[in-house]
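*Asks:* Quick one: structure below, then a few questions.
The values are calculated or read from the model by the stated rules, or taken from the named source; none is laboratory data. In this text the structure is predicted, and so the values were computed from the model without any measurement. No Cβ is skipped: glycine too gets one built from the backbone with ideal geometry, and neighbour counts run over all protein chains shown.
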């Protein structure tokens, strides 16, 4: 999961750095459009990044989980898994030396955007979310 997070953050961070003359909201929108051109992205283990969207003040990463490969989206609803993943994500975003996350962290703070990692099971339709609030970044 850490490799997946770094991949996503690298793409969004690179686009954000290239659009620094725009408002934070515009930079986020531009980065999301760029990432969506690459979607769907197979990230292995039956997981695919289907899309990124903006919903209210949230950047939403949609991961589709192919449950026919033995993984259930319900694992992401387990409190200990959810807490561990959120802790890892927050640590990555708070690391100012991380060139992959620093630009997006700054934009999220400036625009007051939360990060939502949504997992959707296929074919069950079950969902789970991990939310990192802007004030946690």
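*Asks:* If residue 112 meets every condition in (1) in contact with a strand residue (DSSP E or B) (Cβ under 6 Å, 6 or more places away or on another chain); (2) within 23 Å of residue 137 (Cα to Cα); (3) surrounded by fewer than 18 Cβ atoms within 10 Å (Cβ to Cβ) apart from one, which number is that one?
*Replies:* Here residue 112 clears every test but (1).
*Asks:* Taking only pairs six or more apart or across chains, which ones have beta-carbon atoms under 8 Å, a first residue in region 47-67 that is without any contact (Cβ under 8 Å) to a residue 24 or more places away in the chain and at negative phi, and a second residue that is in a strand (DSSP E or B) and loosely packed, with under 15 Cβ neighbours inside 10 Å?
*Replies:* 48/42
*Asks:* Among the residues of region 16-38, write down those that are surrounded by 14 or more Cβ atoms within 10 Å (Cβ to Cβ), free of Cβ contacts under 8 Å to residues at least 24 places away in the same chain and under 16 Å from the mean Cα position of the chain (by Cα).
*Replies:* If the condition is that a residue be surrounded by 14 or more Cβ atoms within 10 Å (Cβ to Cβ), free of Cβ contacts under 8 Å to residues at least 24 places away in the same chain and under 16 Å from the mean Cα position of the chain (by Cα), then 30, 34, 36 are the ones that fit.
*Asks:* Something else: Looking at (1) exposed (fewer than 14 other Cβ atoms within 10 Å of the Cβ); (2) farther than 21 Å from residue 121 by Cα, can you tell me which one residue 92 breaks?
*Replies:* (1)
*Asks:* Same structure, new question: Inside region 23-73, can you point out the residues that are modelled with pLDDT under 90, out of contact with any strand residue (DSSP E or B) (no Cβ under 7 Å at 6 or more places or on another chain) and in a strand (DSSP E or B)?
*Replies:* 44
*Asks:* I've got another one for you. Looking only at region 74-89, which residues are within 17 Å of residue 127 (Cα to Cα) and in a helix (DSSP H, G or I)?
*Replies:* Scanning region 74-89 gives 74, 75, 76, 77, 79, 80, 81, 82, 83, 85, 86.
*Asks:* Still on this structure, I have one more. Name the residue, out of 128, 84, 134, that is in contact with a strand residue (DSSP E or B) (Cβ under 8 Å, 6 or more places away or on another chain) and farther than 18 Å from residue 27 by Cα.
*Replies:* 128
*Asks:* Of the conditions (1) more than 16 Å from residue 129 (Cα to Cα); (2) without any contact (Cβ under 8 Å) to a residue 24 or more places away in the chain, residue 80 clears all except one; give me its number.
*Replies:* The one condition residue 80 does not meet is (1).
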